[in-house]
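S.K.: Shown below is the structure under consideration.
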Amino acid sequence: MPDVLEVENLRKEYGDLVAVDGVSFAIGEGQSLAIVGESGSGKTTIARMIIGLERPTSGRISACGNDRSAPVRAAGKRRKRGREVQIVFQDPYTSLDPRHSAETAIDEVLRIHHGWDAARRRERVAELAGLVGLDTRQRSVPPKSLSGGQRQRVAIARALAAEPKVLILDESVAALDVSIQAQVLNLLADIRDATGISYLLISHDLAVVRQLTEQVIVMRKGSVVERGATGTVLDDPQHAYTRLLRESVPRPGWQPQRRISALPVGDRGAAPVPVR
Ligand code: ADP
Ligand code: MG
């Protein structure tokens, strides 16, 4: 099975801070991988490097066999990368244009990535909006007239419009109410079954991780401390840090740091890093 995403020895420094420190993983076609770890462990930085918003200090990234370790300026190459990997952030308010309805937002992506005429695009807009469960009103109003869950559906439809091989979900359901969250998770599971898309799921919620991924890496202070099959790692964690994550109750802004500082010194990770 070919890998749709490969990350090798990825590193990102911000001045003296090593935000991501030698991270490697691969996602096979149709497979999904989760990154879990406390706030500040480097998860979003990895996502930003993969989609080209940050340049790695060192290491290699490739998607669908194409290297993307260095940023590209040329519009054509950027488009090609966009067709390989898309992302949905935690708060779609910041990624959706406040002036654009769902229909306009989805159509924009179709225009960029596919050479289709207006009629074909209209048809596909309707399909995608239907797929994520937006009704007629919700399709035609600006984001401010939608609920958080509805906005997240727009962001998902918009990302899917590019027909990416990999969709990165960075805490994409974390801000939603529990019942809405369950609906969006079911939607994501259905989309995966229907399309064979791969997810790179960033989440602090281990129930979400269990539902959507086969593999997991556990990050702490930029490094991977544990990895393996999701069920195995979550049911029988080998690292004390993973056990703490499992015992912690997930909630927004969750920081198990205080409990981590109570771990035996050998389990706290290599370098002493100030508590954030
Ligand atoms: P996570 O997503 O796991 O919460 P992040 O990847 O956002 O963690 O951040 C990892 C570390 O890198 C944090 O210490 C954060 O403060 C730092 N960081 C992230 N982005 C920047 C930036 N643009 N400049 C400086 N430091 C950053
Ligand atoms: Mg983050």
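S.K.: Output the number of residues of segment 17-37 satisfying the condition of being within 14 Å of the chain's Cα centre (by Cα) and of a type in the set (A, V, I, L, M, F, W, C).
M.R.: Looking only at that region, the number is 5.
S.K.: What's the number of the condition D97 fails, among (1) surrounded by 17 or more Cβ atoms within 10 Å (Cβ to Cβ); (2) more than 17 Å from the chain's Cα centre (by Cα); (3) part of a loop (DSSP other than H, G, I, E, B)?
M.R.: (1)
S.K.: Among G42, G15, G65, which is the only one that is at positive phi, within 16 Å of ligand 2 (Cβ to nearest atom) and not charged (D, E, K, R)?
M.R.: G42
S.K.: Then there's this: Would you check if there is a residue in segment 218-239 being within 16 Å of ligand 2 (Cβ to nearest atom), β-branched (V, I, T) and at pLDDT below 95?
M.R.: Within segment 218-239 (the criterion being within 16 Å of ligand 2 (Cβ to nearest atom), β-branched (V, I, T) and at pLDDT below 95), the answer is no, since none of the residues qualifies.
S.K.: Within the set of pairs 6+ apart or on separate chains, which have a first residue in segment 39-55 that is under 16 Å from M219 (Cβ atoms), a second that is more than 7 Å from ligand 1 (Cβ to nearest atom) and hydroxyl-bearing (S, T, Y), and C-beta atoms under 9 Å apart?
M.R.: S41/S223; G42/S223; K43/S203; M49/S69
S.K.: Within segment 26-38, track down each residue that is closer than 23 Å to S95 by Cα and either touching a Ser or Thr at 6+ places or on another chain (Cβ under 6 Å) or free of Cβ contacts under 8 Å to residues at least 60 places away in the same chain (or both).
M.R.: Matches in segment 26-38: A34 only.
S.K.: Could you pull out the residue among A118, A126, A102 that is exposed (fewer than 13 other Cβ atoms within 10 Å of the Cβ) and modelled with pLDDT of 95 or more?
M.R.: A118
S.K.: Looking only at segment 24-39, how many residues end up being more than 14 Å from ligand 2 (Cβ to nearest atom) and among the hydrophobic types (A, V, I, L, M, F, W, C)?
M.R.: 4
Every residue, every condition in (1) assigned to a strand (DSSP E or B); (2) over 15 Å from E226 (Cα atoms); (3) within 12 Å of ligand 1 (Cβ to nearest atom), yes or no:
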site	(1), (2), (3)
D21	yes, no, yes
S24	yes, no, no
I27	yes, yes, no
Q31	no, yes, no
V36	yes, no, yes
A47	no, yes, yes
G52	no, yes, no
R55	no, yes, yes
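S.K.: Name the pairs whose Cβ atoms lie under 7 Å apart, with the first residue in segment 87-101 and within 20 Å of L188 (Cβ to Cβ), the second part of a helix (DSSP H, G or I) and within 14 Å of ligand 1 (Cβ to nearest atom), and 6 or more positions between them or separate chains?
M.R.: Matching pairs, first to second residue: I87/A47.
S.K.: Something else now. Could you check, for segment 8-16, whether at least one of its residues is over 17 Å from the mean Cα position of the chain (by Cα) and either closer than 16 Å to L167 by Cβ or in a loop (DSSP other than H, G, I, E, B) (or both)?
M.R.: There is at least one residue in segment 8-16 that is over 17 Å from the mean Cα position of the chain (by Cα) and either closer than 16 Å to L167 by Cβ or in a loop (DSSP other than H, G, I, E, B) (or both).
S.K.: Right, next: For segment 62-97, give me each residue that is among the polar types (S, T, N, Q) and touching a Pro at 6+ places or on another chain (Cβ under 7 Å).
M.R.: Those that are among the polar types (S, T, N, Q) and touching a Pro at 6+ places or on another chain (Cβ under 7 Å): S69, Q86.
The values are calculated or read from the model by the stated rules, or taken from the named source; none is laboratory data. Everything numeric in this text was worked out from a predicted model, so none of it was measured. Here Cβ is always computed from backbone atoms with ideal geometry, including for glycine, and neighbour counts include all displayed protein chains.
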